[in-house]
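This report concerns only the one structure given below.
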Amino acid sequence: MGRFQKTKNEMLQDIVEDYRRKHGVSSVNLREVAAWAVREKVWEPEPRSAAKMLAEDLRVALREEYFTDPQGRRVRKKHAQRILKEVGDGKHEQLVLWHDIAEATRPQMQAAFQQRRHGIVMDCRQLHQDVCSYNENYNKSVPIQMVFDFTEDIEESDQEGDEY
């Protein structure tokens, strides 16, 4: 990739900005943007192999596979663990292994849980940055306050028996 070539995400971001500009809107519905981009031939799908498409569908399906444990909790059955596999010459490739919670080893589950927790922390960190920036630069009213201690939310959800 050349030094000045845009990434795929940058090109997709440009499509949204083009749509906003051409339609004179500030908020967008992504389905409408996508339909417009396809109709106007602003975007064309990348050719993907059947195996890549199936792998993505499998990933979605495994994330949504739940069972009820003996205590009556709704529990995710399959868990992803990212690992680095050496492919030679000191190079590594990232793989994702999917473990069944009932059969995985403790180290596998600990790694999968820790990686998910890290993702949640990164989402919260970004939300904190976004809220602070909004409050300091754009909010003309009372600052929005966010609480990042989810203990009460989890306890309340457990009591209500909320499902996802």
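Looking at segment 77-88, is at least one residue loosely packed, with under 14 Cβ neighbours inside 10 Å, outside any strand (DSSP E or B) and of a type outside the set (V, I, T)?
The answer is no; no qualifying residue exists.
Please go through segment 1-22 and pick out each residue that is in contact with a helix residue (DSSP H, G or I) (Cβ under 8 Å, 6 or more places away or on another chain) and not aliphatic (A, V, I, L, M). Give the derivation first.
So in segment 1-22, the residues in contact with a helix residue (DSSP H, G or I) (Cβ under 8 Å, 6 or more places away or on another chain) come out as 6, 15-16, 19.
Of everything in segment 1-22, those that are in contact with a helix residue (DSSP H, G or I) (Cβ under 8 Å, 6 or more places away or on another chain) and not aliphatic (A, V, I, L, M) turn out to be K6, Y19.
V96 versus (1) β-branched (V, I, T); (2) surrounded by 10 or more Cβ atoms within 10 Å (Cβ to Cβ); (3) under 29 Å from E160 (Cα atoms): which is the lone unmet condition?
(3)
Give segment 99-113 a look and list any residue that's without any contact (Cβ under 8 Å) to a residue 24 or more places away in the chain and loosely packed, with under 11 Cβ neighbours inside 10 Å, or say none.
Of everything in segment 99-113, those that are without any contact (Cβ under 8 Å) to a residue 24 or more places away in the chain and loosely packed, with under 11 Cβ neighbours inside 10 Å turn out to be E103, T105, R106, P107.
Of all residues in segment 17-33, which are outside any loop (DSSP other than H, G, I, E, B) and either more than 19 Å from the chain's Cα centre (by Cα) or of a type in the set (D, E, K, R) (or both)?
E17, D18, Y19, R20, R21, K22, H23, R31, E32, V33
For segment 54-76, give me each residue that is hydroxyl-bearing (S, T, Y) and either surrounded by 12 or more Cβ atoms within 10 Å (Cβ to Cβ) or farther than 17 Å from Q159 by Cα (or both).
Y66
Would you mind stating whether R3 is in the same structural domain as P107 (by TED's automatic domain parsing) and either modelled with pLDDT under 90 or surrounded by 10 or more Cβ atoms within 10 Å (Cβ to Cβ) (or both)?
Taking the combined requirement at face value, the residue does not satisfy it.
The values are calculated or read from the model by the stated rules, or taken from the named source; none is laboratory data. Note that the structure is predicted; figures quoted are calculated from it, not measured. Note: ideal-geometry Cβ built from the backbone for every residue, glycine included; neighbour counts use all protein chains shown.
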